[in-house]
Amino acid sequence: MSATRRIHWMKYASASNFYPLANRLAPIFMGLAVVLAVIGLYIGFFVAPVDYQQGNSYRIMFLHVPAAWMSMFIYLLLAMYAIISLVWRVKMADIMAYSLAPTGAMFTFIALLTGALWGRPTWGTYWIWDARLTSELLLLFLYLGYMGLYSAIPDRQRASRAASFLAIVGIVNVPIIYFSVIWWNTLHQGSSFSVSEGASMTSDMLSALLLMTFACWAYTIAIVLRRAQAVILERKKVALWASQISKNKET
Amino acid sequence: MDIAEFLHMGGHGFYIWGSYGTALFLVLVEVFFVGKRRKKAKEQLEQMEAEFARVDNQGISG
């Protein structure tokens, strides 16, 4: 019994440290997300003025831009964990990559949808095959491909390796999304916010945008910690099952 | 400010509330399903641990 217990604990050493930590952090970040979103939306809807060109439709920006940023950040994070999982075989890294994917896909979908709903009153069309929109759509397919590949292969290690490989190859798409508005003549406007030139908007708009971005970050941390906890428990269950079977075979 | 006027958003209500409404819905759905998945996994693991502990004890005594 002691031998199997020891292997069990070694196997989940990092996960067993992670679990109680996630228990403490997740509620804090979820609370933070709600507070930041409420303040951000209050400023975005009640303090920030109407745009003289776009009217009120520009207020979609406070959701669209953070969602689009998150879709790219989360992908880079997922790919980084995929590299760690693939090269060093760190189990927790694989769990993190796997847990990030659905939330990344959700933000990508929100970015596309809010973009379409913003595009209609602003450009007169919901969709156009321009470089920014097309590469962002490809990002959604990369997320779905990662998730699909992971669940389609029955053997978990092989599934993890195949999905991680896809995620790593897909990194090439992220700079294409980011620089598409510079590299090509797109209908999508360039960034309204740059470190070198500052923001081309009022300070109220900027604070609403940044607060919503931090809210999205806090939400992502909270929900990914919770999903990772669920995955840890699921995998622990499988490992426990396997160890019990081998023990029963011995006796 | 008039509530109807606020919701109308100068004719952009559908686009704005469609955006925020869908996002809120998706977030709530994600929170719900992640919570459910975690709860289910926890219960099943605890059940299994209890079951195996019982089997092990029987093995020692029997």
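Along each of the three principal axes of the Cα atoms of the range A:136-219, give the extent in whole Å, ordering the values from largest to smallest.
If we take the Cα atoms of the range A:136-219, the spans are 53, 33, 20 Å.
Provide the descending list of Cα extents for chain B along its principal axes, expressed in whole angstroms.
Cα extents, longest axis first: 79, 18, 7 Å.
Given +1 on the Cβ of Lys and Arg, -1 on the Cβ of Asp and Glu, and no further charges, what dipole in debye does the protein assembly as shown carry about its Cα centre, rounded to the nearest 20?
1600 debye
Need the C-alpha centroid separation for the range A:153-187 versus the range A:40-82, integer Å.
About 22 Å separates the Cα centre of the range A:153-187 from the one of the range A:40-82.
Using only the alpha-carbon atoms of chain A as identical scatterers, what base-10 log of I(q)/I(0) does the Debye formula give at q = 0.07 Å⁻¹?
-0.31
Out of A:SER57, A:LEU140, A:LEU166, whose Cα points farthest toward the positive end of the dipole of chain A (charges: +1 Lys, Arg; -1 Asp, Glu; placed on Cβ)?
Of the listed residues, the answer is A:LEU166.
With contacts defined as alpha carbon pairs under 8 Å and 6 or more residues apart, what's the relative contact order of the range A:23-250 in percent?
That works out to 35 percent.
May I ask which residue of A:MET80, A:HIS188, A:LEU240 lies farthest towards the positive end of the charge dipole of chain A, with charges of +1 (Lys, Arg) and -1 (Asp, Glu) on Cβ and the Cα centre as origin?
Result: A:LEU240.
Can you work out ³J(HN,Hα) from phi for every residue in the range A:176-182, in order, using Karplus 6.51 cos²θ - 1.76 cosθ + 1.60 and θ = phi - 60°, giving whole Hz and x for Gly and Pro?
Along the range A:176-182, the couplings run 5, 4, 4, 8, 3, 6, 8 Hz.
Do the sum for the protein assembly as shown: with -39,500 (n - 2.57) for every DSSP H run of n ≥ 4, divided by all residues, what is the mean residue ellipticity at 222 nm, to the nearest 500 deg cm²/dmol?
-28500 deg cm²/dmol
Which lysines, if any, have their Cα less than 20 Å from the Cα of B:LYS42, not counting same-chain residues under 8 positions apart?
A:LYS11, A:LYS91, A:LYS236, A:LYS237
Bear in mind these aren't lab numbers, they're just calculated from the coordinates by the rules spelled out. This one's a predicted model, so the numbers in the text were calculated from it and none came from an experiment. Cβ sites come from the backbone with ideal geometry, for glycine too, and all protein chains shown count toward neighbours.
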